[in-house]
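To start, the structure itself, in C-alpha coordinates.
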Amino acid sequence: MSRKKIIAGNWKMNMTPSEAVKLVEELKPLVNNPDVDVVYCVPAIDIIPVVEAVKGSNVEVGAENVYFEEKGAFTGEISTAMLKDAGVKYVIIGHSERRDYFKEDDALLNKKVKKVIEAGLTPILCCGETLEQRETGVTMDFIRLQIKSDLVGVSADQVKNMVIAYEPIWAIGTGKTATTEQAEEVCKGIRDCIAEIYDAATAEAVRIQYGGSVNAGNAAELFAQPDIDGGLVGGASLKADFGKIVNYK
Ligand code: PGA
(Lines give C-alpha, C1' and ligand atoms only; values in the text may rest on other atoms or scores of the structure.)
Protein backbone atom coordinates (compact mmCIF):
# COMPACT_ATOMS: atom_id res chain seq x y z
CA MET A 1 0.00 0.00 0.00
CA SER A 2 1.37 3.40 -0.84
CA ARG A 3 0.62 6.37 1.33
CA LYS A 4 0.16 9.77 -0.26
CA LYS A 5 2.78 12.24 0.92
CA ILE A 6 1.59 15.15 3.03
CA ILE A 7 3.69 18.28 3.29
CA ALA A 8 2.46 20.94 5.68
CA GLY A 9 3.75 24.40 6.44
CA ASN A 10 3.62 25.47 10.07
CA TRP A 11 3.65 29.23 9.93
CA LYS A 12 3.75 29.60 13.74
CA MET A 13 3.27 33.23 14.94
CA ASN A 14 4.27 34.76 11.61
CA MET A 15 2.33 36.62 8.90
CA THR A 16 -0.34 39.26 9.42
CA PRO A 17 -3.52 38.64 7.43
CA SER A 18 -2.35 40.85 4.56
CA GLU A 19 1.14 39.31 4.53
CA ALA A 20 -0.50 35.88 4.57
CA VAL A 21 -2.53 36.55 1.43
CA LYS A 22 0.57 37.88 -0.32
CA LEU A 23 2.55 34.75 0.57
CA VAL A 24 -0.24 32.46 -0.65
CA GLU A 25 -0.31 34.30 -3.98
CA GLU A 26 3.49 34.08 -4.32
CA LEU A 27 3.51 30.36 -3.55
CA LYS A 28 0.52 29.50 -5.74
CA PRO A 29 2.43 28.67 -8.95
CA LEU A 30 5.15 26.86 -6.97
CA VAL A 31 3.22 24.36 -4.82
CA ASN A 32 1.39 22.42 -7.50
CA ASN A 33 2.04 18.70 -7.10
CA PRO A 34 -0.89 16.31 -7.50
CA ASP A 35 1.11 13.54 -5.78
CA VAL A 36 1.29 15.47 -2.51
CA ASP A 37 -1.32 16.79 -0.07
CA VAL A 38 -0.24 20.37 0.63
CA VAL A 39 -1.39 22.13 3.80
CA TYR A 40 -0.77 25.58 5.26
CA CYS A 41 -1.22 25.62 9.03
CA VAL A 42 -1.68 29.27 9.82
CA PRO A 43 -2.41 31.57 12.78
CA ALA A 44 -6.11 31.69 13.66
CA ILE A 45 -6.55 35.25 12.44
CA ASP A 46 -5.15 34.32 9.02
CA ILE A 47 -7.48 31.35 8.49
CA ILE A 48 -10.37 33.16 6.78
CA PRO A 49 -8.26 35.20 4.32
CA VAL A 50 -6.00 32.19 3.59
CA VAL A 51 -8.97 29.87 2.93
CA GLU A 52 -10.20 32.48 0.46
CA ALA A 53 -6.76 32.93 -1.12
CA VAL A 54 -6.10 29.19 -1.69
CA LYS A 55 -9.44 28.67 -3.50
CA GLY A 56 -8.93 26.99 -6.84
CA SER A 57 -5.55 25.57 -5.77
CA ASN A 58 -4.48 22.20 -4.38
CA VAL A 59 -3.76 23.66 -0.93
CA GLU A 60 -5.79 22.88 2.19
CA VAL A 61 -5.73 25.00 5.31
CA GLY A 62 -4.90 23.90 8.84
CA ALA A 63 -5.00 25.50 12.28
CA GLU A 64 -2.08 25.53 14.71
CA ASN A 65 -4.18 24.86 17.80
CA VAL A 66 -7.76 24.36 19.01
CA TYR A 67 -9.66 23.95 22.29
CA PHE A 68 -11.45 20.70 23.14
CA GLU A 69 -14.71 22.12 24.52
CA GLU A 70 -17.69 22.49 22.21
CA LYS A 71 -18.43 26.15 23.07
CA GLY A 72 -18.92 28.53 25.95
CA ALA A 73 -17.01 30.52 28.54
CA PHE A 74 -13.41 29.88 27.43
CA THR A 75 -12.14 33.37 26.71
CA GLY A 76 -9.55 33.48 23.98
CA GLU A 77 -10.05 29.93 22.75
CA ILE A 78 -11.26 28.65 19.37
CA SER A 79 -13.52 25.63 18.83
CA THR A 80 -13.50 22.90 16.20
CA ALA A 81 -16.89 24.14 14.95
CA MET A 82 -15.39 27.58 14.32
CA LEU A 83 -12.43 26.10 12.46
CA LYS A 84 -14.63 23.83 10.39
CA ASP A 85 -17.04 26.57 9.45
CA ALA A 86 -14.08 28.72 8.35
CA GLY A 87 -12.91 25.98 5.96
CA VAL A 88 -10.11 24.34 7.98
CA LYS A 89 -9.30 20.66 7.30
CA TYR A 90 -6.30 19.92 9.56
CA VAL A 91 -5.28 20.91 13.10
CA ILE A 92 -1.78 20.67 14.57
CA ILE A 93 -2.03 19.17 18.07
CA GLY A 94 0.76 19.05 20.62
CA HIS A 95 3.50 20.93 18.84
CA SER A 96 6.53 21.02 21.15
CA GLU A 97 6.16 24.80 21.44
CA ARG A 98 2.62 24.29 22.81
CA ARG A 99 3.81 21.52 25.13
CA ASP A 100 6.76 23.54 26.37
CA TYR A 101 5.74 27.25 26.45
CA PHE A 102 2.03 26.69 27.09
CA LYS A 103 2.34 23.62 29.31
CA GLU A 104 -0.03 21.44 27.28
CA ASP A 105 0.22 17.93 28.67
CA ASP A 106 -0.75 14.59 27.18
CA ALA A 107 -4.08 14.44 29.04
CA LEU A 108 -5.12 17.76 27.47
CA LEU A 109 -3.75 16.78 24.06
CA ASN A 110 -5.70 13.53 24.15
CA LYS A 111 -8.91 15.54 24.63
CA LYS A 112 -7.95 17.79 21.73
CA VAL A 113 -7.17 14.85 19.42
CA LYS A 114 -10.54 13.25 20.19
CA LYS A 115 -12.44 16.50 19.70
CA VAL A 116 -10.73 17.23 16.38
CA ILE A 117 -11.56 13.74 15.08
CA GLU A 118 -15.14 13.96 16.35
CA ALA A 119 -15.51 17.22 14.41
CA GLY A 120 -14.40 15.53 11.19
CA LEU A 121 -11.07 17.37 11.05
CA THR A 122 -7.68 15.69 10.70
CA PRO A 123 -5.23 16.01 13.58
CA ILE A 124 -1.51 16.40 12.89
CA LEU A 125 -0.29 15.06 16.22
CA CYS A 126 3.27 16.11 17.05
CA CYS A 127 5.75 14.21 19.17
CA GLY A 128 9.48 14.39 19.70
CA GLU A 129 12.32 14.22 22.18
CA THR A 130 14.63 16.82 23.71
CA LEU A 131 18.37 16.71 23.10
CA GLU A 132 18.87 15.46 26.65
CA GLN A 133 16.46 12.58 26.10
CA ARG A 134 18.24 11.65 22.87
CA GLU A 135 21.61 11.73 24.58
CA THR A 136 20.43 9.58 27.47
CA GLY A 137 18.99 7.02 25.04
CA VAL A 138 15.31 7.33 25.97
CA THR A 139 14.05 8.82 22.69
CA MET A 140 11.79 5.97 21.70
CA ASP A 141 10.53 5.33 25.24
CA PHE A 142 9.51 8.97 25.54
CA ILE A 143 7.84 9.13 22.13
CA ARG A 144 5.96 5.88 22.71
CA LEU A 145 4.63 7.34 25.95
CA GLN A 146 3.49 10.50 24.13
CA ILE A 147 1.78 8.53 21.35
CA LYS A 148 0.10 6.06 23.69
CA SER A 149 -1.15 8.79 26.02
CA ASP A 150 -2.34 11.09 23.24
CA LEU A 151 -4.27 8.29 21.51
CA VAL A 152 -6.18 6.90 24.48
CA GLY A 153 -9.74 6.17 23.35
CA VAL A 154 -8.98 6.76 19.65
CA SER A 155 -10.05 3.87 17.41
CA ALA A 156 -7.99 2.14 14.72
CA ASP A 157 -10.17 3.57 11.96
CA GLN A 158 -9.69 7.06 13.35
CA VAL A 159 -5.92 6.63 13.59
CA LYS A 160 -5.75 5.46 9.98
CA ASN A 161 -6.91 8.88 8.83
CA MET A 162 -4.70 10.96 11.06
CA VAL A 163 -1.21 12.36 10.65
CA ILE A 164 1.61 12.04 13.17
CA ALA A 165 4.58 14.41 12.99
CA TYR A 166 7.90 13.36 14.46
CA GLU A 167 9.75 16.52 15.43
CA PRO A 168 12.93 16.19 17.48
CA ILE A 169 12.91 19.36 19.59
CA TRP A 170 16.62 19.93 19.08
CA ALA A 171 16.08 20.10 15.31
CA ILE A 172 13.27 22.68 15.34
CA GLY A 173 14.31 26.09 14.08
CA THR A 174 17.95 25.28 14.76
CA GLY A 175 19.11 24.48 11.24
CA LYS A 176 20.22 21.17 12.77
CA THR A 177 18.26 18.47 10.94
CA ALA A 178 18.11 14.93 12.22
CA THR A 179 20.09 12.67 9.92
CA THR A 180 17.99 10.72 7.48
CA GLU A 181 18.77 7.57 9.48
CA GLN A 182 17.70 9.15 12.79
CA ALA A 183 14.47 10.47 11.26
CA GLU A 184 13.61 7.16 9.61
CA GLU A 185 14.46 5.17 12.73
CA VAL A 186 12.01 7.13 14.88
CA CYS A 187 9.28 7.31 12.22
CA LYS A 188 9.53 3.53 11.89
CA GLY A 189 9.46 3.25 15.69
CA ILE A 190 6.24 5.26 15.75
CA ARG A 191 4.73 3.00 13.08
CA ASP A 192 5.73 -0.07 15.12
CA CYS A 193 4.12 1.50 18.18
CA ILE A 194 0.88 2.02 16.22
CA ALA A 195 1.02 -1.60 15.09
CA GLU A 196 1.38 -2.69 18.71
CA ILE A 197 -1.49 -0.57 20.00
CA TYR A 198 -3.76 -1.29 17.01
CA ASP A 199 -2.75 -3.61 14.17
CA ALA A 200 -0.57 -3.83 11.08
CA ALA A 201 -3.19 -2.35 8.73
CA THR A 202 -3.56 0.75 10.91
CA ALA A 203 0.22 1.19 11.10
CA GLU A 204 0.42 0.81 7.31
CA ALA A 205 -2.23 3.49 6.76
CA VAL A 206 -1.24 6.25 9.21
CA ARG A 207 0.88 9.00 7.68
CA ILE A 208 4.00 10.01 9.59
CA GLN A 209 5.82 13.24 8.84
CA TYR A 210 9.27 14.37 9.81
CA GLY A 211 9.73 17.96 11.00
CA GLY A 212 12.72 19.97 12.17
CA SER A 213 14.74 22.18 9.82
CA VAL A 214 13.35 20.57 6.66
CA ASN A 215 14.57 22.61 3.69
CA ALA A 216 14.84 22.47 -0.09
CA GLY A 217 18.19 20.70 0.21
CA ASN A 218 17.28 17.83 2.55
CA ALA A 219 13.60 17.17 1.71
CA ALA A 220 14.18 14.68 -1.11
CA GLU A 221 16.36 12.37 0.95
CA LEU A 222 14.12 12.53 4.02
CA PHE A 223 10.90 11.94 2.08
CA ALA A 224 12.43 9.00 0.21
CA GLN A 225 12.58 6.97 3.44
CA PRO A 226 10.05 4.15 3.65
CA ASP A 227 8.41 5.40 6.87
CA ILE A 228 8.54 9.16 6.23
CA ASP A 229 5.37 10.31 4.48
CA GLY A 230 6.20 13.99 4.14
CA GLY A 231 7.12 16.87 6.39
CA LEU A 232 5.98 19.53 8.81
CA VAL A 233 7.93 22.59 7.77
CA GLY A 234 8.41 25.74 9.83
CA GLY A 235 10.87 28.39 8.65
CA ALA A 236 11.14 27.18 5.06
CA SER A 237 7.34 27.26 4.61
CA LEU A 238 7.41 31.06 4.68
CA LYS A 239 9.39 31.45 1.48
CA ALA A 240 9.59 30.28 -2.10
CA ASP A 241 11.66 27.31 -0.92
CA PHE A 242 8.40 25.69 0.16
CA GLY A 243 7.63 25.13 -3.53
CA LYS A 244 10.88 23.21 -3.88
CA ILE A 245 10.04 21.13 -0.82
CA VAL A 246 6.59 20.28 -2.21
CA ASN A 247 8.25 19.33 -5.52
CA TYR A 248 11.10 17.49 -3.80
CA LYS A 249 11.48 14.78 -6.43
P1 PGA B 1 11.41 24.34 11.46
O2 PGA B 1 10.10 24.10 12.32
O3 PGA B 1 11.16 23.75 10.10
O4 PGA B 1 11.59 25.85 11.41
O5 PGA B 1 12.53 23.67 12.17
C6 PGA B 1 9.39 22.89 12.22
C7 PGA B 1 8.23 22.89 13.17
O8 PGA B 1 8.36 23.38 14.30
O9 PGA B 1 7.14 22.40 12.82
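The values are calculated or read from the model by the stated rules, or taken from the named source; none is laboratory data. Here the structure is a predicted model, which means the values were calculated and not measured. No Cβ is skipped: glycine too gets one built from the backbone with ideal geometry, and neighbour counts run over all protein chains shown.
Suppose we filter 189, 243, 175, 231 for residues that are part of a helix (DSSP H, G or I) and closer than 18 Å to residue 9 by Cα; which single one remains?
Unique residue meeting the criteria: 243.
Can you tell me which residue in the stretch 151-165 is nearest to the ligand (Cβ to nearest atom), limited to those that are under 20 Å from residue 223 (Cα atoms) and not in a loop (DSSP other than H, G, I, E, B)?
The selected residue is 165.
Looking at the stretch 40-52, which of its residues are surrounded by 22 or more Cβ atoms within 10 Å (Cβ to Cβ) and not in a strand (DSSP E or B)?
Hits for the stretch 40-52 are 46, 47, 50.
Evaluate the stretch 87-103: report whether one residue or more is more than 16 Å from the ligand (Cβ to nearest atom), touching a helix residue (DSSP H, G or I) at 6+ places or on another chain (Cβ under 7 Å) and either at pLDDT 95 or above or not charged (D, E, K, R) (or both).
yes
When the stretch 151-188 is examined, which residues are found to be over 14 Å from the mean Cα position of the chain (by Cα), closer than 19 Å to residue 95 by Cα and either surrounded by fewer than 18 Cβ atoms within 10 Å (Cβ to Cβ) or of a type in the set (Asp, Glu) (or both)?
Correct list: 152, 173, 174, 175, 176.
Starting from the stretch 109-127, keep only residues that are within 12 Å of residue 149 (Cβ to Cβ), then list their pairs with residues that are surrounded by 21 or more Cβ atoms within 10 Å (Cβ to Cβ) and polar (S, T, N, Q) whose Cβ atoms are within a distance under 8 Å, requiring at least 6 positions of separation or different chains.
127/146
Please find, among 230, 243, the residue that is within 14 Å of the chain's Cα centre (by Cα), within 16 Å of the ligand (Cβ to nearest atom) and of a type in the set (Gly, Ala, Ser).
230
Within the stretch 90-150, considering only helices (runs of 4 or more DSSP H) that don't extend past its boundaries, which have at least 2 residues that are crowded, with 18+ Cβ neighbours inside 10 Å, touching a Phe, Trp or Tyr at 6+ places or on another chain (Cβ under 8 Å) and not aliphatic (A, V, I, L, M)?
Hits in the stretch 90-150: 106-118, 131-136.
Select from the stretch 208-221 the residues that are outside any loop (DSSP other than H, G, I, E, B) and either surrounded by fewer than 21 Cβ atoms within 10 Å (Cβ to Cβ) or of a type in the set (Gly, Ala, Ser) (or both) and list them in ascending order.
Of everything in the stretch 208-221, those that are outside any loop (DSSP other than H, G, I, E, B) and either surrounded by fewer than 21 Cβ atoms within 10 Å (Cβ to Cβ) or of a type in the set (Gly, Ala, Ser) (or both) turn out to be 211, 219, 220, 221.
Pick out the one residue from 134, 207 that is basic (Lys, Arg) and in contact with an Asp or Glu (Cβ under 8 Å, 6 or more places away or on another chain).
207
Restricted to the stretch 189-207, and to residues that are crowded, with 18+ Cβ neighbours inside 10 Å and of a type in the set (D, E, K, R), which residue is nearest to residue 36 (Cα to Cα)?
Per the stated criteria, the residue is 207.
Evaluate the stretch 1-8: report whether one residue or more is more than 16 Å from the ligand (Cβ to nearest atom), in contact with a helix residue (DSSP H, G or I) (Cβ under 9 Å, 6 or more places away or on another chain) and at pLDDT below 95.
For the stretch 1-8, residues more than 16 Å from the ligand (Cβ to nearest atom), in contact with a helix residue (DSSP H, G or I) (Cβ under 9 Å, 6 or more places away or on another chain) and at pLDDT below 95: present.
Taking the stretch 166-207 as the region of interest, how many residues are within 21 Å of residue 131 (Cα to Cα), of a type in the set (A, V, I, L, M, F, W, C) and away from the ligand (no atom under 12 Å from the Cβ)?
Here the count works out to 4.
Please specify each residue of the stretch 14-39 satisfying the condition of being crowded, with 20+ Cβ neighbours inside 10 Å and of a type in the set (S, T, N, Q).
Answer for the stretch 14-39, where residues must be crowded, with 20+ Cβ neighbours inside 10 Å and of a type in the set (S, T, N, Q): there is none.
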